[in-house]
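Visitor: Would you mind keeping the following structure in view while I ask a few things?
Each value in this text was obtained by applying a stated rule to the coordinates, not by laboratory testing. Quantities reported herein were computed from a predicted structural model and do not represent experimental measurements. Glycine also receives a Cβ, built like all others from the backbone with ideal geometry; neighbour counts cover every protein chain displayed.
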Amino acid sequence: MAITSKQRSQLRALATSADTIIHVGKDGIGENLIKQVSDALEARELVKGRVLENSMLTAREAADELAARCRAEVVQVIGSKFVLYRMQSNILKRKIELVKSSKRK
């Protein structure tokens with residue numbers, strides 16, 4: 001699922017007030033971190049993460065790898081922070097309603 005630039009902008013705005021709950025440290029990205037990110041995406045749909053200084057990864061590398069392993073979208077990477085989004089599979093549990101993409105004819 002690719003998100004449009006308008007949807008990305010909406011998600012960036014929502015992420016400004018979100019707390020950073022994912023921390024990538026010196027151990028890098030392991031199975032425990034992937035499970036934690038996947039569970040957080042299932043509960044919240046939008047999560048903010050941070051790559052600590054002692055990590056061997058950049059924020060872009062960490063965001064791209066976590067997004068690929070958790071079937072999520074990278075919304076934003078700024079400095080050492082990143083934001084990931086994954087839409088809820090259950091329509092009734094969705095917390096974020098994305099703006100519709102308007103296609104011109």
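Visitor: If each of Asp39 and Ile21 carries a label point 7 Å out from its Cα toward its Cβ, how far apart are those two points in nm?
Guide: 1.1
Visitor: Go through region 49-54 residue by residue and turn each phi into a ³J(HN,Hα) via Karplus (6.51, -1.76, 1.60, θ = phi - 60°); whole Hz please, and just put x for glycine and proline.
Guide: x, 9, 9, 6, 4, 7
Visitor: Which value at 222 nm does the chain reach when only helices count, each DSSP H run of 4 or more adding -39,500 (n - 2.57), with the total divided by all residues and rounded to the nearest 500 deg cm²/dmol?
Guide: Value at 222 nm, helices only: -11000 deg cm²/dmol.
Visitor: So, one more: How many nm separate the modelled label positions at Arg94 and Ser80, each set 7 Å beyond the Cα in the direction of the Cβ?
Guide: Output for this residue pair reads 3.6 nm.
Visitor: For a footprinting-style exposure proxy, rank Glu53, Glu42 by other Cβ within 10 Å, fewest first.
Guide: Lowest count first: Glu53, Glu42.
Visitor: Counting Lys and Arg as +1 and Asp and Glu as -1, what is the net charge of the other residues whose Cβ lies under 11 Å from the Cβ of Ser89?
Guide: +2
Visitor: Considering only the other residues whose Cβ falls under 13 Å of the Cβ of Lys35, what net charge follows from Lys and Arg at +1 and Asp and Glu at -1?
Guide: -2
Visitor: Arranged by the count of other C-beta atoms within 10 angstrom, fewest first, what order do Val99, Val51, Val74 take?
Guide: Starting with the residue having the fewest Cβ neighbours, the order is Val99, Val74, Val51.
Visitor: In addition: Local charge sum around Val74 (other residues, Cβ-Cβ under 13 Å, Lys/Arg +1, Asp/Glu -1)?
Guide: Spelling it out: positives minus negatives among the neighbours equals +4.
Visitor: Let me ask something else. How big is the Kirkwood radius of the chain, worked out from every pair of different alpha carbons and given in Å to one decimal?
Guide: For the chain, the Kirkwood estimate is 14.1 Å.
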